[in-house]
Amino acid sequence: MSVLVFIDTADGHVKKASLETLTYGAKVAEQLGTTVEGVVLGVVSDDLSALGKYGVKKIHQVSNDSLNHLDAQVYTNVIAQVAEASGANVIVFSNNVDGKAVAARLSVRLKAGLVSGAVALPDTSNGFVVKKTVFSGKAFANIAVNTAVKIIALNPNAYKIVAGEGTAEVVPFTANVNAGKIKITATTKASGEVLLTEAEIVVSAGRGLKGPENWGMVEELAKVLHAATACSRPVADANWRPHNEHVGQTGIAIAPDLYIAIGISVAIQHLAGVNRSKVIVVINKDPEAPFFKAADYGIVGDAFEVVPKMTEAIKKMKGVA
Ligand SMILES: Cc1cc2nc3c(=O)[nH]c(=O)nc-3n(C[C@H](O)[C@H](O)[C@H](O)COP(=O)(O)OP(=O)(O)OC[C@H]3O[C@@H](n4cnc5c(N)ncnc54)[C@H](O)[C@@H]3O)c2cc1C
C-alpha cells in the first residue's frame with residue numbers, strides 16, 4: 001500500500017503543479033500511515049532527488065525518449081505498470097492538461113474511482129471522501145470513493161506547497177513502452193515569456209481595449225510583473241490575440257495567485273475559467289460591470305489611464321527603469 005504521485009514535466013523540468021501534488025500526496029500518505037512515491041516519465045534535467053523535500057521517498061523514473069512528450073495512451077499504460085508494481089492504492093495527478101488526459105484513462109484501466117478537480121485532502125474518518133469543485137467552480141461536492149485503488153486529480157493552486165528536508169531515492173523503472181498511435185511531427189510553442197497555465201500572475205484584457213494595437217500597455221504591465229498575458233474569447237475570436245490566450249469555459253482554465261482583468265465585463269463563461277484565481281483585480285470604466293462582484297479589488301477607471309500609471313508605479317516600486 002502506498003500513494004503514487006505522477007510528476008509532470010515540461011521540457012525536462014518539473015512543473016510547479018507537481019510540487020503541489022507531491023506535497024498533497026505526502027499528506028495523504030501520512031493520513032493513511034504509508035509512504036509517498038513518485039513516477040516520472042521521459043528524460044528530465046532537474047535533480048529529481050531534491051524533490052524529497054516535498055515528502056516523496058522514492059521516484060520511479062522511466063527514462064525512455066519516446067516519453068518526452070505526452071501521449072495519453074502510452075503514459076496510461078506505463079503509469080499503470082508502475083502503479084501495479086509499487087502496490088499503489090492512491091494515485092495523485094494534477095488536474096492540468098496532462099493529468100486530465102491520463103487520470104481518466106488510468107481509472108478505466110485500473111478500475112479505480114476517480115475524483116477530478118479535488119480541492120482538499122480526503123476525509124478518511126469514515127471511508128475515503130474527497131471534496132471537489134462542480135459547475136465550473138460554483139459549488140462543491142464530496143465524493144466517496146469505494147474502489148480499492150483511488151485516483152485524485154488535484155486542482156492546480158488548490159493545495160499549498162510545503163518544502164521541508166530530505167532527498168528522494170530515484171530508481172530506474174523498466175516498463176513495457178508501447179509504440180504510440182500518434183506521432184508528433186512539429187511543436188509550436190506559445191510566444192509569451194511566461195506559460196499561461198503555469199503563471200503565478202496573469203494580466204488579461206477584453207473588448208474594452210478597443211483593438212489589438214492597444215495591447216502594448218497590457219504586455220508592458222505583464223512584463224514588469226513577470227506575468228503571462230490572457231484575453232477574453234471575443235478578443236481571440238477577432239484575432240486581436242492568439243487563441244492560446246483565451247481563458248474561460250471554452251478556453252483555458254487557470255488558477256494564478258493574481259488575475260488582473262482589464263476591460264472585461266465578465267460573462268459567466270469567462271469567470272468559469274478564472275474563478276480559481278487567489279486574488280482578482282478588476283479594472284473597468286463601468287462601476288456596474290459585473291466583474292466587480294467577483295473581484296477582491298476593483299479600480300473604476302479608464303484602462304488607458306489606469307494601466308500605464310499602474311505599470312509606472314510598479315516599476316518605481318521594483319526599481320526598474
Ligand atoms: C457557449 C459560449 C462560450 C463562451 N466561452 C467564453 C470563454 O471561454 N471565455 C470568454 O471570455 N468568453 C466566452 N464567451 C463569451 C462571453 O459570453 C462574453 O461575450 C465575453 O466574455 C465578453 O468579453 P469581454 O468582457 O471582453 O467584452 P464585453 O462584454 O464587451 O466587455 C467589455 C468591458 O470593457 C469595459 N470597458 C470598455 N472600455 C473600457 C475602458 N476604456 N477602460 C476600462 N474598461 C472598459 C466595458 O465596461 C465592459 O465591461 C462564451 C459565450 C458562449 C455563448
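Across segment 196-214, the qualifying residues are those that are over 18 Å from Gly248 (Cβ atoms) and over 19 Å from the mean Cα position of the chain (by Cα), and the one among them that is nearest to the ligand (Cβ to nearest atom) is Lys210. Screening the candidates Lys285, Lys278 for the property of being surrounded by fewer than 24 Cβ atoms within 10 Å (Cβ to Cβ), near the ligand (Cβ under 7 Å from one of its atoms) and either within 19 Å of the chain's Cα centre (by Cα) or touching a residue at least 60 places away in the same chain (Cβ under 8 Å) (or both) yields one hit, Lys285. For segment 189-217, the set of residues classified as assigned to a loop (DSSP other than H, G, I, E, B) and of a type in the set (Val, Ile, Thr) consists of Val194, Thr197, listed by residue number.
Scan segment 162-181 for residues that are more than 24 Å from the chain's Cα centre (by Cα) and of a type in the set (A, V, I, L, M, F, W, C) and the total you get is 6. Which one is nearest to Val306 (Cα to Cα), of the residues in segment 184-209 that are out of contact with any helix residue (DSSP H, G or I) (no Cβ under 8 Å at 6 or more places or on another chain) and hydroxyl-bearing (Ser, Thr, Tyr)? Result: Ser191.
Annotation: Asp46 fulfils all but one of (1) at pLDDT below 95; (2) in a loop (DSSP other than H, G, I, E, B); the unmet one is (1). Counting only strands (runs of 3 or more DSSP E) wholly contained in segment 95-174, the ones carrying 2 or more residues that are surrounded by 14 or more Cβ atoms within 10 Å (Cβ to Cβ), in contact (Cβ under 8 Å) with a residue 40 or more places away in the chain and not acidic (Asp, Glu) occupy 150-154. Only one of the listed residues (Ala267, Ala303) is more than 23 Å from Glu198 (Cβ to Cβ) and modelled with pLDDT under 95. That residue is Ala267.
In the set (1) at pLDDT below 95; (2) touching an Asp or Glu at 6+ places or on another chain (Cβ under 9 Å); (3) within 8 Å of the ligand (Cβ to nearest atom), Ile252 fails one condition alone, (3). Of all residues in segment 176-197, none satisfies being modelled with pLDDT of 95 or more and either surrounded by fewer than 15 Cβ atoms within 10 Å (Cβ to Cβ) or farther than 30 Å from Ile79 by Cα (or both). Among the residues of this structure, Asp296 does not count as one that is of a type in the set (Asp, Glu) and either crowded, with 23+ Cβ neighbours inside 10 Å or within 24 Å of Ser94 (Cβ to Cβ) (or both).
Consider Val3 carefully, then state whether it is at pLDDT 95 or above and within 12 Å of Ala153 (Cα to Cα). So Val3 fails the test. Scan segment 255-275 for residues that are surrounded by 21 or more Cβ atoms within 10 Å (Cβ to Cβ) and near the ligand (Cβ under 7 Å from one of its atoms) and the total you get is 6. Would a scan of segment 218-230 turn up a residue that is crowded, with 16+ Cβ neighbours inside 10 Å, β-branched (Val, Ile, Thr) and part of a loop (DSSP other than H, G, I, E, B)? Taking every residue of segment 218-230 in turn, none turns out to be crowded, with 16+ Cβ neighbours inside 10 Å, β-branched (Val, Ile, Thr) and part of a loop (DSSP other than H, G, I, E, B). For segment 14-43, the set of residues classified as in a helix (DSSP H, G or I), buried (at least 19 other Cβ atoms within 10 Å of the Cβ) and not charged (D, E, K, R) consists of Ala17, Ser18, Leu19, Thr21, Leu22, Thr23, Tyr24, Gly25, Ala26, Val28, Ala29, listed by residue number.
Per the conditions (1) closer than 21 Å to Asn96 by Cα; (2) buried (at least 21 other Cβ atoms within 10 Å of the Cβ), the sole criterion not satisfied by His243 is (2).
The values are calculated or read from the model by the stated rules, or taken from the named source; none is laboratory data. A quick note: this is a predicted structure, and the numbers were derived from the prediction, not measured. Counting neighbours? That spans all protein chains shown, and the Cβs are built from the backbone with ideal geometry, glycine included.
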